[in-house]
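Bear in mind these aren't lab numbers, they're just calculated from the coordinates by the rules spelled out. The model shown is predicted, which means the values in this text are computed figures rather than measured ones. All Cβ positions, even for glycine, are placed from backbone atoms using ideal geometry, and neighbour counts span all protein chains on display.
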Amino acid sequence: MNTKNPQPSLNSDLAHVWHPLTQHSTFEQKPPMLVVSAQGSRVTDASGKEYIDTMAGLWCVNAGYGQQAIIDAAHEQMKNLVYYPHIAANEPAAALSAEVSRLLGNGLDRIYFTNSGSESNEAAFKIARQYGRQAHPNDNRYKIIARHRAYHGTTMGALSATGQSERRWKFEPLVPGFLHAAPAYCYRCVFGQKYPGCNLECAKQIEEIILYEGPETVAAVIVEPIVGGGGVLVPVPEYLPELRAITKRHDVLLISDEVICGFGRTGKMFGFQTFGIKPDIVSMAKGISSAYLPLGATATTGEIFSKFLGRVEDRVQLTQVNTYGGHPVSCAAGLANIKIIEGLVERSESFGNALLAELKKLEKYPKVGEVRGKGMIYGIELVNDKKTKEPVSNAVMAQVTAKAMEKGVMIGKTSMMTYHLNNVIWMSPPLVLTSKEAEKIVSVLDEIFKAL
């Protein structure tokens, strides 16, 4: 691409492309950035300006940009088998399923391949509902309990589970059977409690919903181990074990949405491992291929899989298909990616903790209410007043991200979540982020918050 004259590409973009989550009228004053290359944790635009991408694209380029081993693996696979429907077997998908099963452990040894996180959660919901009917034929287990602020995807079922009102309301009514509880969010506890004397009310509320609805009507509870796009909400250590005990007590499946938390992001290979629990179903995407090619998966235990076995005429097989699921080229890229990620997981924990400690120092500024994180995922909640925790405005958030961009650092912010709480800066940099890059991120944020 001719980086000296990006105008032809921008003209075509402005004339034909419909960008997501974007008000196109703003392009009259400022056209979209044209990204032309990337390496490691940095991306370069058409003017040649370089940025540290603390967002890893969209929470997904865990292995960093420009990993030649992943590129070569996809290229080699294309020479042999570019595609065949996954009703038949292919070597890369078979090998990747074995690798993912090994990494998951805990009996999560059945892998259904998809193309994205939304599709992975759709598959998880369908598996949970069909399992409920086949394992408990006298019940009607169809309800899914999710949490406010959580993001589970953009397709209609996944959006129904998503607890972000601004993303939902234009498409409502959504799929019936999805219920929502409070998130594990100590900074703004909706129960007015303070940890550790809170009795884990946020977990107990989910048990109350199960009891009020009737356990025989509830198929599953879905959680992100750490809520990502909803503000990087890190639960206290006891929360997920308590929730796991609750779901077991009522024979309700627990789905761990690892689309963001999976593949090294939280300092372990998966978020549920960070908190020491064993879910029944795991959905994943993003980091499984570090976004080099579209790829997702939904994993279940052998116990769940067994309820889908029977005679052909029994029609108990999974009633689900994805045209590109198990795509051999994507799976080849995923295999190469995992080899890289395995070498970065420990670094994610140690390097991530060190960077979090530096970011926590920013709490000295009046508008920095709380800095939180785990591994290499971080949230910085901005407020007008630390006592009242009144959130800063959308305009202030836009100002902060724009100033960081000017200084060569891309940071994310919560948006289109709820009307009154879009006030968290988020970062989930590639796991290959360097010390020098981390220092620049902290320095830029320090300068911006000092001036707020």
Furthest towards positive pole of dipole, I277, A181, S256, structure part the chain, Cβ charges: A181
Hey, which aspartates and glutamates would be in cross-link range of K386, C-alpha to C-alpha under 16 Å, not counting anything within fewer than 8 residues on its own chain? E363, E370
Net +/- balance of residues flanking D13 in space, Cβ distance below 14 Å, scoring K and R +1, D and E -1: -1
Between F191, P225, N384, whose Cα lies farthest towards the positive end of the dipole of the chain when Lys and Arg beta carbons carry +1 and Asp and Glu beta carbons carry -1, centred on the Cα centre? N384
Taking K and R as +1 and D and E as -1, what net charge do the other residues with C-beta under 15 Å from the C-beta of N90 add up to? -2
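Got the relative contact order for the chain handy, in percent, Cα pairs under 8 Å and 6 or more residues apart?
In percent, rounded to a whole number, it is 21.
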Per DSSP, loop trypsin sites (Lys or Arg not before Pro) in the range 34-97 with at most 14 further Cβ within 10 Å: K49
Mind listing the long-range amide H neighbours of K307? Cut-off is under 5 Å, sequence gap 5 or more, other chains count too, H placed in the peptide plane at 1.01 Å from N. none
Whole-Hz ³J(HN,Hα) for each residue in the range 248-259, computed from phi via Karplus 6.51 cos²θ - 1.76 cosθ + 1.60 with θ = phi - 60°, x for glycine and proline: what do you get? 5, 4, 10, 6, 10, 6, 10, 9, 9, 7, 9, 4
Rounded to 5, percent antiparallel among DSSP beta bridges of the range 69-342: 40
Say each of K49 and K339 gets a label point 7 Å from the Cα, pointing the same way as Cα to Cβ; how far apart are those two points in nm? 3.8
Charge tally in the Cβ shell below 11 Å around P241, where Lys, Arg are +1 and Asp, Glu are -1, P241 excluded: +1
To the nearest 20 Debye, how big is the dipole of the range 69-342 about its Cα centre, given +1 on the beta carbon of each Lys and Arg and -1 on that of each Asp and Glu? 300
Cut-off is 10 Å between beta-carbons; in what order do S12, S116 appear when sorted fewest neighbours first? S12, S116
Pop the C-beta distance of R311 and R133 into the FRET formula with R0 = 22 Å and round what comes out to the nearest 0.05. 0.80
Size of electric dipole in the range 379-452: Cβ of Lys, Arg +1 and of Asp, Glu -1, about Cα centre, debye, nearest 20: 40
For L253, L309, L10, what ranking results if the residue with the fewest other Cβ atoms within 10 Å of its Cβ goes first? L309, L10, L253
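Please arrange M269, M405 by how many other C-beta atoms lie within 10 Å of their C-beta, fewest to most.
Going from sparsest to densest Cβ surroundings: M405, M269.
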Could you pull out the chymotrypsin sites (Phe, Trp or Tyr not before Pro) across the range 27-100 that fall in loop regions by DSSP (anything but H, G, I, E, B) with no more than 15 other Cβ atoms inside 10 Å? Y83
Quick one: if you stick a label point 7 Å off each Cα along the C-beta vector at Q7 and A395, how many nm between them? 3.5
Helix-only CD estimate at 222 nm, as mean residue ellipticity for the chain, using -39500 (n - 2.57) per DSSP H run (n ≥ 4): -11000 deg cm²/dmol
Of K307/K339; K204/K360; K403/K436; K204/K248; K387/K440; K286/K307, which ones are farther than 22 Å apart at the Cα? K307/K339; K204/K360; K387/K440; K286/K307
Can you list which of the chymotrypsin sites (Phe, Trp or Tyr not before Pro) found in the range 169-215 are DSSP loop residues with at most 10 other C-beta atoms within 10 Å? none
What's the extension gain from R347 to K360 if we count 0.36 nm per residue and subtract their Cα-Cα distance? 2.8 nm
Those residues of the range 76-109 whose amide nitrogen sits under 17 Å from the label point placed on T323, 7 Å along Cα→Cβ: 82-88
